[in-house]
Amino acid sequence: MSLVYIVDDEPSIQRLLVHWLKNQWNYEVKAFGNGTDFLNAFKDAEPDLVILDIMLPDIDGIEILNEIKTRNVELPVIMISAQGSVEVALTAIKMGAYDYFTKPITQTDKLAQAVKNALKQYEIYKQLKFLKEDLIAKHSFDNIISTDERMREVFEMVSKVLDNDITVLIHGESGTGKELIARAIHFNGKRKENPFVVVNCASIPRELLESELFGHEKGSFTGAHQRKIGKFELAKGGTLFLDEIGEMEMSLQAKILRVIQEKEFERVGGNDVIKTDVRIISATNKDLKKAVINNQFREDLYYRLNSFPIFIPPLRERKNDIFVLTEHFIKKANEKLKRNVKGISKRALKLFYDYDWPGNVRELENTVERCVILTDKELIDVDVLPQQVKSGETSMLPVNGRNIFDERSPVIPFEKLKEEAIKHALKVTNGNIVDAARKLKIGRATLYRLMEKYNIKNN
Ligand SMILES: Nc1ncnc2c1ncn2[C@@H]1O[C@H](COP(=O)(O)OP(=O)(O)OP(=O)(O)O)[C@@H](O)[C@H]1O
Ligand SMILES: [Mg+2]
């Protein structure tokens, strides 16, 4: 139920207001006879509406309005003024009061309507605020799961670009989490209250991409029946995420370059110059440098976009993340599918670990979800794994010891696993460093470094 505060020093008016609001219109009401009492109560209360007299014995109503708006600019305030003080009432409206009524209040219908509308407007505002906060929470860093050292570097890079507008290019194979990182940058940065707009340059037909980005004027080409607002305009004040930028054709690349440099553009078929204030984050799973050498991507645009590169390593190069991500995705799938799968068996987990995950985190997420759907046991087991995961190459990592889904030890001792994996690889390759490194899918230099770190002798 909505809570209305009434501030008026005239007992007769106060009684009348309380009567209408509480007895007739069924709101919860609290009444105050002076400004000091109200302000004291207001400190730790959350009314949905304040009905405020301008002439109070202690503090000026306008001053109180100012206090209210300083604390919560959206909270509606209906002012009541004595006859003849219309000018003051207008000042109040300019300061953000919702409406005003003069004494004696005779138009009860109008007051009832104003109260209702003000409360409704405030309710909508609160809901939007909640949704926005929810959206921001969804894209907080807490939702990006990793225990990997190189991913920690990624987070560090991300934290450096949150509060500036530097153009970021995210490199990484398909499904590694490029969009997730782009969203995290936006929703944790200073533009988070403004839109995050995605354009997938690969999925939109070439001839339509330009108008998708810049919009078009009515009649600018066959089929342009109406003016269309482009993504650059929609993203105003926010972030434009250009996904798969490597697929954009050269002529359009030139136009993007111009927007980045001049911060302005025209709609297709239009003459008006439109100013933009958009942060650009782009992503690619292609080697853009190579595309530049092959004359498929403009060098100048490449350097512009790539002023701050972030590289997300593929999942097979951060295998320990498979454990934490699997656990995370089981929880997520349980919530989504209303299931209660407790974890994954050691055998199945070992196969997950051995598999290469060409589709990276996205593939892992889909696989886990599929397993949660298919299983009728408490733990995901080998029987529900997809064929390609089951037939993964022979395992080299003995996962013995603790169950990683044991409540008391949610995270496996990864360092120990790495050490085991290296020892095992050296053993089965008879100490051949080249073969062992290949088997572990790491570079030789890394292998040497890790052997030194774990004090592993090759004999
Ligand atoms: N570190 C992570 N923690 C949690 N979820 C992740 C992580 N990385 C990726 N995901 C999830 O994996 C899925 C794929 O991520 P995303 O769409 O960001 O990848 P992408 O690199 O943009 O892929 P593509 O190139 O296919 O568009 C998403 O559902 C995302 O939430
Ligand atoms: Mg993507």
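For residue 18, indicate whether it is touching a Pro at 6+ places or on another chain (Cβ under 9 Å) and surrounded by 15 or more Cβ atoms within 10 Å (Cβ to Cβ).
no
Residues checked against (1) of a type in the set (Val, Ile, Thr); (2) closer than 22 Å to residue 112 by Cβ:
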{"site": "8", "(1), (2)": "no, yes"}
{"site": "13", "(1), (2)": "yes, yes"}
{"site": "29", "(1), (2)": "yes, yes"}
{"site": "34", "(1), (2)": "no, no"}
{"site": "56", "(1), (2)": "no, no"}
{"site": "59", "(1), (2)": "yes, no"}
{"site": "69", "(1), (2)": "no, no"}
{"site": "95", "(1), (2)": "no, no"}
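Just to check your reading of the model, which residue among 136, 144 is under 18 Å from the mean Cα position of the chain (by Cα) and farther than 20 Å from residue 237 by Cα?
Testing whether each residue is under 18 Å from the mean Cα position of the chain (by Cα) and farther than 20 Å from residue 237 by Cα leaves just 144.
Can you give me the number of residues within the stretch 345-373 that are β-branched (Val, Ile, Thr), within 14 Å of residue 389 (Cβ to Cβ) and touching a helix residue (DSSP H, G or I) at 6+ places or on another chain (Cβ under 6 Å)?
Looking only at the stretch 345-373, we keep the residues that are β-branched (Val, Ile, Thr), and these are 361, 367-368, 372-373.
Then drop every residue that is not within 14 Å of residue 389 (Cβ to Cβ), which leaves 367-368.
Adding the requirement that they be touching a helix residue (DSSP H, G or I) at 6+ places or on another chain (Cβ under 6 Å) leaves 368.
Total satisfying the criteria: 1.
Evaluate the following for residue 70: is it part of a loop (DSSP other than H, G, I, E, B) and surrounded by fewer than 13 Cβ atoms within 10 Å (Cβ to Cβ)?
It is false that residue 70 is part of a loop (DSSP other than H, G, I, E, B) and surrounded by fewer than 13 Cβ atoms within 10 Å (Cβ to Cβ).
Is there a residue being charged (D, E, K, R), within 16 Å of ligand 1 (Cβ to nearest atom) and modelled with pLDDT of 90 or more anywhere in the stretch 129-139?
The answer is no; no qualifying residue exists.
Rundown of residues vs (1) more than 16 Å from ligand 2 (Cβ to nearest atom); (2) among the charged types (D, E, K, R); (3) crowded, with 18+ Cβ neighbours inside 10 Å, yes/no style:
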{"residue": "178", "(1), (2), (3)": "no, yes, yes"}
{"residue": "184", "(1), (2), (3)": "no, no, yes"}
{"residue": "190", "(1), (2), (3)": "yes, yes, no"}
{"residue": "195", "(1), (2), (3)": "yes, no, no"}
{"residue": "198", "(1), (2), (3)": "no, no, no"}
{"residue": "201", "(1), (2), (3)": "no, no, yes"}
{"residue": "206", "(1), (2), (3)": "yes, yes, no"}
{"residue": "214", "(1), (2), (3)": "yes, no, yes"}
{"residue": "217", "(1), (2), (3)": "yes, yes, yes"}
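Can you tell me which of (1) more than 12 Å from ligand 1 (Cβ to nearest atom); (2) closer than 30 Å to residue 356 by Cβ is the one residue 197 doesn't meet?
(2)
Would you say residue 283 is touching a His at 6+ places or on another chain (Cβ under 9 Å), touching a residue at least 12 places away in the same chain (Cβ under 8 Å) and within 16 Å of ligand 1 (Cβ to nearest atom)?
Yes.
Yes/no per residue for (1) more than 30 Å from residue 157 (Cα to Cα); (2) within 15 Å of ligand 1 (Cβ to nearest atom); (3) at pLDDT below 95:
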site	(1), (2), (3)
320	no, yes, yes
353	no, no, yes
366	no, yes, no
397	yes, no, yes
403	yes, no, yes
416	no, no, yes
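Being surrounded by fewer than 14 Cβ atoms within 10 Å (Cβ to Cβ) and either touching a Cys at 6+ places or on another chain (Cβ under 8 Å) or farther than 21 Å from residue 34 by Cβ (or both) is the filter here, so list the residues in the stretch 94-115 that pass it.
94, 106, 107, 108, 109, 110, 113
Matching residues to (1) surrounded by 16 or more Cβ atoms within 10 Å (Cβ to Cβ); (2) at pLDDT below 95; (3) touching a helix residue (DSSP H, G or I) at 6+ places or on another chain (Cβ under 6 Å); (4) not acidic (Asp, Glu):
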{"site": "239", "(1), (2), (3), (4)": "yes, no, yes, yes"}
{"site": "243", "(1), (2), (3), (4)": "yes, no, no, no"}
{"site": "248", "(1), (2), (3), (4)": "yes, yes, no, yes"}
{"site": "259", "(1), (2), (3), (4)": "yes, yes, no, yes"}
{"site": "264", "(1), (2), (3), (4)": "no, yes, no, no"}
{"site": "273", "(1), (2), (3), (4)": "no, yes, no, yes"}
{"site": "283", "(1), (2), (3), (4)": "yes, no, yes, yes"}
{"site": "290", "(1), (2), (3), (4)": "no, yes, no, yes"}
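With the checklist (1) more than 16 Å from ligand 2 (Cβ to nearest atom); (2) within 26 Å of the chain's Cα centre (by Cα) in hand, flag the one item residue 314 doesn't pass.
The single condition residue 314 does not satisfy is (1).
All but one of (1) within 16 Å of ligand 2 (Cβ to nearest atom); (2) farther than 16 Å from residue 390 by Cβ; (3) not in a helix (DSSP H, G or I) hold for residue 376, so report the exception by its number.
The number of the failed condition is (1).
Among the residues of the stretch 323-339, which ones are over 23 Å from the mean Cα position of the chain (by Cα) and in contact (Cβ under 8 Å) with a residue 24 or more places away in the chain?
323, 339
Within the stretch 339-351, can one find any residue that is within 16 Å of ligand 2 (Cβ to nearest atom), buried (at least 17 other Cβ atoms within 10 Å of the Cβ), aliphatic (A, V, I, L, M) and not in a helix (DSSP H, G or I)?
No, that holds for no residue.
Considering the stretch 73-102 alone, what residues qualify as being assigned to a loop (DSSP other than H, G, I, E, B) and under 38 Å from the mean Cα position of the chain (by Cα)? Break it down into steps so the answer makes sense when it comes.
Initially, the stretch 73-102 is screened for residues assigned to a loop (DSSP other than H, G, I, E, B), giving 73-76, 82-85, 95-98.
Residues satisfying the conditions are 73, 74, 75, 76, 95, 96, 97, 98.
Give the residue that is farthest from residue 282 (Cα to Cα), with candidates limited to residues of the stretch 200-233 that are within 16 Å of ligand 1 (Cβ to nearest atom) and not hydrophobic (A, V, I, L, M, F, W, C).
Out of the qualifying residues, it is 203.
Within the stretch 154-176, which residues are within 16 Å of ligand 2 (Cβ to nearest atom) and either in a loop (DSSP other than H, G, I, E, B) or outside the structural domain of residue 278 (by TED's automatic domain parsing) (or both)?
172, 173, 174, 175, 176
Is it the case that some residue within the stretch 273-290 is in contact with a strand residue (DSSP E or B) (Cβ under 8 Å, 6 or more places away or on another chain), more than 16 Å from ligand 2 (Cβ to nearest atom) and among the charged types (D, E, K, R)?
Yes: one or more hits.
The values are calculated or read from the model by the stated rules, or taken from the named source; none is laboratory data. Since we're looking at a predicted model, the values are computed, not measured. Counting neighbours? That spans all protein chains shown, and the Cβs are built from the backbone with ideal geometry, glycine included.
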